Each structure stands twice: as structure tokens, then as C-alpha cells.
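This report refers to the structure that appears directly beneath it.
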Amino acid sequence: MIAKLAEERVNMDRCYCKSGLKFSECCEPILRVEQIAPSALALMRSRYCAYCLGDVNYLQATTHDHTWTDEELKFIQDWADNSFWQHLEIVNSGYDTVEFKAYYIFEKKQHVHHEKSLFKIVNDMWKYVDGEVMEDKVTFLRNEPCICGSGLKYKRCCFKKIEN
Ligand SMILES: [Zn+2]
Ligand SMILES: [Zn+2]
């Protein structure tokens, strides 16, 4: 994943987390551990990027008090790698909570992961504690602009990646 990040340093002018900022001025320094996430929200955004990059080590390192089994690691790696991460929407954020919706396509289906996450400062670093996953589903209209921000209509963009 470092190799992937290294390429991205030159290529990415928009952060994966859809903040609208450059990757180098948003989540990249946090992912590279060159900068400490200044808030629970900043950590959450960087963790979303880690899913986009398939950086399971970063996800584990930023999870509080939990060692993943090989099986869990494999499951998360598989989910991260085989999903097309379309968009991150921050619904709400507080001092130590972030409610978000992550839109992605997995196994040719459109998904949204809606979660209210809890974070905690451990040794001056924000860590993900756990989250409450909310029931949610999403249907996009074919003529709507695609959620991924490509500027294309859904039917000409991510819709092509799903089974109908
Ligand atoms: Zn970002
Ligand atoms: Zn799209």
C-alpha cells in the first residue's frame, strides 16, 4: 500500500474522503503518520481513505484495543479491495463521534454503510472504538449526477458497475 500511496502523492488532486481538498493537504499526511489526526472526524476521514487504498494495517493501527484475527484481517482486506468506494458523506460529527454514510459498490451491488462511530484519545492519538451500524439502503436515479463526483449521470457512471 505504500507503493500505492507513493504513486498517489503525485496524482491525487482531490482527497479520497471527498473533502474537496488536495490529498496531500487532507488525509495523506495522516495516513503516512507524518501528522496526528487533529480530531475524531479527521481520523475517520483518513480511515475511509485507508479503505479506498486497501490499507488494512492503518485500519488496525487506528482501532482501539483490538487485535484482529487473521480471518478478520482477511475479511476486511477483501471488503476494502473488492469494493469500489464512491463517496463519503458526513451526516454529523461531535467531539468523539462521527455519523457517516460510505457509498460503495461490492459484488455488483450498490451499497451504503451508515454508521455512528465512537472514537477515543489514547496516548494523544485518536482511535476508533466501535460503531453502531444503521439500517440504510440507497437507490439512485439513473439520470441523477453520480454520487462518486465524476460529473457524469449515474447511468453513464457507477450504474455500469452494478448488475441490473
Ligand atoms: Zn481527506
Ligand atoms: Zn460514479
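Yes/no per residue for (1) more than 23 Å from Tyr16 (Cβ to Cβ); (2) away from ligand 1 (no atom under 16 Å from the Cβ); (3) within 16 Å of the chain's Cα centre (by Cα); (4) hydrophobic (A, V, I, L, M, F, W, C):
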position: Gln77; (1), (2), (3), (4): no, yes, yes, no
position: Phe84; (1), (2), (3), (4): no, yes, yes, yes
position: Glu89; (1), (2), (3), (4): no, no, yes, no
position: Gln110; (1), (2), (3), (4): no, yes, yes, no
position: Lys120; (1), (2), (3), (4): yes, yes, no, no
position: Glu135; (1), (2), (3), (4): yes, yes, no, no
position: Val138; (1), (2), (3), (4): no, yes, no, yes
position: Ile162; (1), (2), (3), (4): no, yes, no, yes
- prompt: Just to be sure, is Val33 among the hydrophobic types (A, V, I, L, M, F, W, C), assigned to a strand (DSSP E or B) and out of contact with any Gly (no Cβ under 7 Å at 6 or more places or on another chain)?
  reply: no
query: Looking at segment 39-56, is at least one residue loosely packed, with under 13 Cβ neighbours inside 10 Å, over 14 Å from Lys127 (Cβ atoms) and not charged (D, E, K, R)?
result: no
query: Since Leu43 meets every condition but one in (1) within 16 Å of ligand 1 (Cβ to nearest atom); (2) under 22 Å from Val138 (Cβ atoms), which condition does it not meet?
result: (2)
query: Restricting segment 69-128 to residues that are farther than 15 Å from Asp55 by Cα and among the polar types (S, T, N, Q), which is surrounded by the fewest Cβ atoms within 10 Å (Cβ to Cβ)?
result: Asn123
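No value in this document is a laboratory result; all are computed from the given coordinates. As the structure is a computational prediction, the values presented were derived from the model and not from experiment. Ideal geometry is used to build each Cβ from the backbone, glycine not excepted, and the neighbour counts take in all protein chains shown.
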